[in-house]
1. Scanning the range 162-182 for residues that are in a strand (DSSP E or B) and among the hydrophobic types (A, V, I, L, M, F, W, C), which turns out farthest from the chain's Cα centre (by Cα)?
2. Specify the residue that is farthest from ligand 2 (Cβ to nearest atom); the eligible residues are those in the range 81-106 that are farther than 20 Å from Pro137 by Cα and assigned to a loop (DSSP other than H, G, I, E, B).
3. What number of residues within the range 226-243 satisfy the criterion of being assigned to a helix (DSSP H, G or I) and touching a strand residue (DSSP E or B) at 6+ places or on another chain (Cβ under 9 Å)?
4. Cβ contacts < 7 Å: first residue at positive phi and within 16 Å of ligand 1 (Cβ to nearest atom), restricted to the range 210-235; second residue among the hydroxyl-bearing types (Ser, Thr, Tyr) and at pLDDT 95 or above, any location; separation 6+ or different chain. Result?
5. Could we say that Gly10 is modelled with pLDDT under 95, surrounded by fewer than 21 Cβ atoms within 10 Å (Cβ to Cβ) and in contact with a helix residue (DSSP H, G or I) (Cβ under 7 Å, 6 or more places away or on another chain) here?
6. Looking at the range 70-92, I want the residues that are acidic (Asp, Glu) and have a partner that is within 16 Å of ligand 1 (Cβ to nearest atom) and in a loop (DSSP other than H, G, I, E, B) with Cβ atoms under 7 Å, at least 6 apart or on another chain. Which pairs are those?
7. Just the residues that are under 23 Å from Glu38 (Cβ atoms) and within 15 Å of ligand 2 (Cβ to nearest atom), please, taken from the range 201-233.
8. Take the residues of the range 147-188 that are of a type in the set (Asp, Glu) and touching a Ser or Thr at 6+ places or on another chain (Cβ under 8 Å): which is farthest from ligand 1 (Cβ to nearest atom)?
Amino acid sequence: MNTIDLNESGKVFREEYDHPTVLFQDDGHAIYWLGVPEATAFRSNTYLIVDQNEAIIVDPGGVDHFEFVQNRVSQILPPERVVAQILSHQDPDVAASFPLWVDVNPYIKVIASSRALTLLNHFRDCRYESLNSIDHPEYKFNSGKVIRFIPSPFLHSPAAFTTYDPFSKFLFSGDIWAAVDMEWKLVVEDFSTHRLKLNLFHLDFMASGKAARGFIERIRELEIDAILPQHGSIIPVRFIPMALDYLNRLNCGIDIFYPDIN
Ligand SMILES: [Fe+2]
Ligand SMILES: [Fe+2]
């Protein structure tokens, strides 16, 4: 198992992809980065939240990544102990492997917004138990710890939501703060250069500055120690104020396509 201290400045990710990477661990609660370390600029991150003997996979990814991700999970616990999968939205890079996790554990809960749940069976028609993140904005582990679901509509999908873990103070942000970069590190080391990598995704994919500012309002009270996006590097605590400011000032999507229409 690799362990990384997100608070330790200058720590570089060593390219050890044959083990899960521990991002947080305390009181039977742990968060892992599972991959996927493919050599493309548009890499996808899958995470695992473990609480005592329950595990939840966050944005399991595409079908081609399933075997890799399942292998990483099996190094932590038996994959059938994954009790839920969080799908931040219905894009194939997030959700296409979801039916394969239903095969692993037929009782697995699919946590997604109602706007995504209506589309998921286009990946494969299958029966599964679902939890609508809009009607049920919280998941409680057997230990009593909770994770919270915060809608982030139109960033970029109408179905998008983020997941906040109050115990680790980690925010799983889906495509928000996603970055595109060939020279990838697990953790951001320099936010001024990272801004350019964020632009490569946000200017085209995010709907509007209004959607971004609306989301910032929703998370204003949260204490955030790390942002874990679905693409690109993790943003550690020292860059959180800059990351929030980036989203607050974002001009993107329809702001750019239709500059003359208010
Ligand atoms: Fe997406
Ligand atoms: Fe994505």
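The values are calculated or read from the model by the stated rules, or taken from the named source; none is laboratory data. All values reported here derive from a predicted model rather than from experimental measurement. Positions of Cβ are generated from backbone atoms using ideal geometry, with glycine treated the same way; all protein chains shown enter the neighbour counts.
1. Phe170
2. Pro106
3. 5
4. Here the result reads none, with nothing in the range 210-235 linked to a residue that is among the hydroxyl-bearing types (Ser, Thr, Tyr) and at pLDDT 95 or above.
5. No: the conditions fail for Gly10.
6. As it stands, the answer is Asp91/Ser157, since those pairs meet every condition given.
7. Within the range 201-233, Phe201, His202, Asp204, Phe205, Ile227, Leu228, Pro229, Gln230, His231, Gly232, Ser233 qualify.
8. Residue satisfying both the conditions and the ranking: Asp181.
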